[in-house]
1. Do you know which residues across the range 199-216 are polar (S, T, N, Q) and open to solvent by less than 10 Å² (accessible area, probe 1.4 Å)?
2. So the check is Cβ under 9 Å with 6+ separation or different chains; which pairs have a first residue in the range 267-282 that's free of Cβ contacts under 8 Å to residues at least 12 places away in the same chain and a second one that's open to solvent by less than 10 Å² (accessible area, probe 1.4 Å) and not small (Gly, Ala, Ser)?
3. So, residue 134, is that one touching a Lys or Arg at 6+ places or on another chain (Cβ under 6 Å) and either of a type outside the set (A, V, I, L, M) or open to solvent by 10 Å² or more (accessible area, probe 1.4 Å) (or both) or not?
4. Considering only residues that are open to solvent by less than 20 Å² (accessible area, probe 1.4 Å) and among the β-branched types (Val, Ile, Thr), look in the range 352-374 and name the one that is nearest to residue 66 (Cα to Cα).
5. Find the helices (runs of 4 or more DSSP H) located wholly in the range 1-92 whose residues include 1 or more that are at pLDDT 90 or above and more than 30 Å from residue 201 (Cβ to Cβ), and list them.
6. Quick test for you: out of 463, 472, pick the one residue that is assigned by the TED database to the domain that holds residue 385, open to solvent by less than 10 Å² (accessible area, probe 1.4 Å), on the phi < 0 side of the Ramachandran plot and of a type outside the set (Val, Ile, Thr).
7. In the range 242-254, which residues are open to solvent by 10 Å² or more (accessible area, probe 1.4 Å) and either without any contact (Cβ under 8 Å) to a residue 60 or more places away in the chain or over 20 Å from the mean Cα position of the chain (by Cα) (or both)?
8. Starting from residues that are in a loop (DSSP other than H, G, I, E, B) and open to solvent by 30 Å² or more (accessible area, probe 1.4 Å), keep the ones in the range 95-109 and report whichever is farthest from residue 182 (Cα to Cα).
Amino acid sequence: MSSELSSNSQLDGNLWSPLLSPEAIPEKVTMDEMLEKYCGEFGLWQLRHLVLSSLAWLLQGIHTSVMIFADREPAWHCLMSHAGYTTPRCPTTAGSMCDLEPSSWEWLGGKGSSTMSEFGLICGDKFKVGLVQSIFFAGCMIGAGVFGHLSDSKLGRKGSLAMVCILNTIFGILTAFSSDYSTYVMFRFLTGLSAGGTGIIAFVLGTEPVGQSWRGVAGMSPFYFYSTGIAVVSAIGYFIQPWRSLYIASSIPSVIFVTFLLPFLHESPRWYLVRGKVDEAMKIMQKIAVSNGKPNIPDGIVLALDSEVNEDVPNSQSDTKEAVKGTILDVLRSPITRIRFFLGVAVNFFSSAVYYGLSLNAVNLGTNLYLNVALNAVAEMPAYLLSAFVLDRLGRKPVAIGTMWFSGVFCLAGSLVKSTNEAWKVVRMVCGLLGIFGIAGTFSILYVYLMELFPTIVRNAALGCATQAVQLGAISAPIVVVLGGGVPFAVFGACGIAGGFLVTYLPETLNKPLYDTMDGLQEAEAK
């Protein structure tokens, strides 16, 4: 009797018994397979989700670029010696106010037109303008690492995005009430701290639910929103020039997004999966299928990590498994991801120095500041379109190399142009626009490229560190811009050429799946 019970017990515990129906064993599929077979790789659900998450990029573009206008040098003029007289107190041909008596001139539009005029950031203190911009990007560098890690851990993609957008809104408004330069620097640093994580979190959140064949095109989409944000703040700055009013007005879009749009975003199903929350991931996948007009996902289908798909032990669809965790240390321990990480960091640094440097260098071109910044933003958009068109045809690697070298060549050409008259100023401006065109394409490609180089459990941590390199390049850019003349163009040209050379050592990721775990990536690379 006991032997019979033992036999029955063994039979009940053996899920692979031939007496069990094959239909009782769930079929495990990866996220990419489920999107392709059952949910749709890019339908209405993914489009809506991508647009909502990408709007955070518009906000980042506004918070990053607003300082170009808030910290600008306003026009000034000589005062008359006495009321009703036409004799000026200073030479009208003076090119700078630094050698003039303080009582002999005044700012047009009053002291409150910019931070430079209100806080006296002129002459010997002019370096403080570049300093506050560098400090903002230093905040971005720290925030990218902190929030990149948080979004991979318990806070999640959506929770982290909500946090950074709320902080952006608060600090953006508080900046307008800065009583002195030190307070202004503090609030710009805090704004950068939150803004630094916005783009990468929104990018990953928007693209992770997209299927493999659409990932390249979808991954380029957020950059249109970023450029639109720059164009929007150019328009706001043109019509609202007092810097305090400008900061309040530029924070209104953040208030709208946090209040009315953020609640409609969903968490990433990939994050649920790697955290062991299979039920929650399956619910999101079911919503995607229904919204995309697909039939319900069959009962015998269950999501699994790529490293689990080939295992012999089946999972239940309602399993709640232990979370698979990963940190930046795991990236550095693996020979495969370590070399990718260091190359990605270096390439991001070079591309960032060129991109932000050319944007900030608009103040040195001697043309209309608002028009120039707006044209830079407009020049980026066809670069994104062209890059998206060729990305899935030529591959990530050759497009990244080509765009960096394109930008580098025109930056070097701009360094050779002497802006001795208006015609040559226009030529140099065109070189800058073409440089922005090329490097904007690189920027958008790198986000897609680097996302595909790392598995889900460490993706945001790795991209967060790569984004820190972006901010380090941005910190360096204002220092180079202050040098003026042809030096900035020469430095940015060299950065573009060097960055393209480093990309040659990265592997191609076209038509390869997004891996979930380090084991899944290593197994695939070993084949």
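The values are calculated or read from the model by the stated rules, or taken from the named source; none is laboratory data. Please read these numbers as outputs of a predicted model, since none were measured by experiment. All Cβ positions, even for glycine, are placed from backbone atoms using ideal geometry, and neighbour counts span all protein chains on display. The protein model used for the area step is the full one, side chains on, heavy atoms only, and it has no ligands, DNA or RNA in it. Shrake-Rupley method; radii C 1.70, N 1.55, O 1.52, S 1.80 Å.
1. We begin by selecting, within the range 199-216, every residue polar (S, T, N, Q); these are 207, 212-213.
Answer for the range 199-216, where residues must be polar (S, T, N, Q) and open to solvent by less than 10 Å² (accessible area, probe 1.4 Å): just 207.
2. From residues that are free of Cβ contacts under 8 Å to residues at least 12 places away in the same chain, there are no pairs.
3. Values: touching a Lys or Arg at 6+ places or on another chain (Cβ under 6 Å): no; either of a type outside the set (A, V, I, L, M) or open to solvent by 10 Å² or more (accessible area, probe 1.4 Å) (or both): yes.
No, not satisfied.
4. If we take residues in the range 352-374 being open to solvent by less than 20 Å² (accessible area, probe 1.4 Å) and among the β-branched types (Val, Ile, Thr), then 373 is nearest to residue 66 (Cα to Cα).
5. Numbers: elements: 2-13, 31-34, 44-70.
Because the criterion is at least 1 residues that are at pLDDT 90 or above and more than 30 Å from residue 201 (Cβ to Cβ), no helices (runs of 4 or more DSSP H) in the range 1-92 meet it.
6. Working: 472 fails: open to solvent by less than 10 Å² (accessible area, probe 1.4 Å).
The match here is 463.
7. Pass one, the range 242-254, residues open to solvent by 10 Å² or more (accessible area, probe 1.4 Å): 242, 244-245, 248-249, 252-253.
242, 244, 245, 248, 249, 252 - these are the residues of the range 242-254 that are open to solvent by 10 Å² or more (accessible area, probe 1.4 Å) and either without any contact (Cβ under 8 Å) to a residue 60 or more places away in the chain or over 20 Å from the mean Cα position of the chain (by Cα) (or both).
8. Applying the first criterion (in a loop (DSSP other than H, G, I, E, B)) to the range 95-109 yields 95-101, 108-109.
Of the ones still in play, those that are also open to solvent by 30 Å² or more (accessible area, probe 1.4 Å) are 95-96, 98-101, 108-109.
Details: 95: 29, 96: 26, 98: 23, 99: 26, 100: 27, 101: 26, 108: 25, 109: 23 Å.
The extreme case among them is 95.
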